[in-house]
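J.: This is the structure I have questions about; it appears just below.
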Amino acid sequence: MAKAASEVTELHAAVKRGDLPAIRRLLEGNPALANARSETDARGTFPLHVAAESGQAGAARLLLEYGADSSARDLENDAIALGWAAF
């Protein structure tokens, strides 16, 4: 039997898809997820980085509403999500 995805992995996937209801459900259950580093992305991304990379502005706004840290830096480039959005 396959292991269920963690909430962190679920959130990152929902952000990438722009699935606002799923993002809201996960964050309502655990607001700390807004600042959870990816468990599967070697680049060390946070949900806000994923939103920026995927062009998911609605997801980014929702993450910020739940306290996402806009100054969090990824592990690969030491960059904030705004840098990812600009790139």
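The values are calculated or read from the model by the stated rules, or taken from the named source; none is laboratory data. Since the model is a prediction, treat every value here as computed from it, not as a measurement. Using ideal geometry, Cβ is built from the backbone for each residue, glycine included, and neighbour counts are taken over all protein chains shown. Side chains are part of the model used for accessible areas, which takes the heavy atoms of the whole protein and leaves out ligands, DNA and RNA. Shrake-Rupley method; radii C 1.70, N 1.55, O 1.52, S 1.80 Å.
J.: Could you grab me the full set of residues in region 63-78 that are in contact with a helix residue (DSSP H, G or I) (Cβ under 8 Å, 6 or more places away or on another chain) and on the phi < 0 side of the Ramachandran plot?
T.: 63, 64, 66, 68, 69, 70, 72, 74, 77
J.: From 50, 8, 15, grab the single residue that is surrounded by 14 or more Cβ atoms within 10 Å (Cβ to Cβ), in contact with a Lys or Arg (Cβ under 7 Å, 6 or more places away or on another chain) and aliphatic (A, V, I, L, M).
T.: It is 50.
J.: Could you go through region 53-75 and let me know if any residue there is open to solvent by 60 Å² or more (accessible area, probe 1.4 Å), touching a Gly at 6+ places or on another chain (Cβ under 7 Å), of a type in the set (A, V, I, L, M) and not in a helix (DSSP H, G or I).
T.: Yes, the conditions are met somewhere in region 53-75.
J.: Kindly list the number of the only condition in (1) under 13 Å from the mean Cα position of the chain (by Cα); (2) part of a helix (DSSP H, G or I) that fails for residue 83.
T.: (1)
J.: From the list 44, 18, which one is within 21 Å of residue 55 (Cα to Cα) and either hydroxyl-bearing (Ser, Thr, Tyr) or at pLDDT 95 or above (or both)?
T.: The conditions single out 18.
J.: Name the residues in region 1-45 that are within 20 Å of residue 58 (Cα to Cα) and among the hydroxyl-bearing types (Ser, Thr, Tyr), would you?
T.: Hits for region 1-45 are 9, 38, 45.
J.: For region 15-28, which positions are in contact (Cβ under 8 Å) with a residue 40 or more places away in the chain and among the small types (Gly, Ala, Ser)?
T.: Residue satisfying the conditions is 18 alone.
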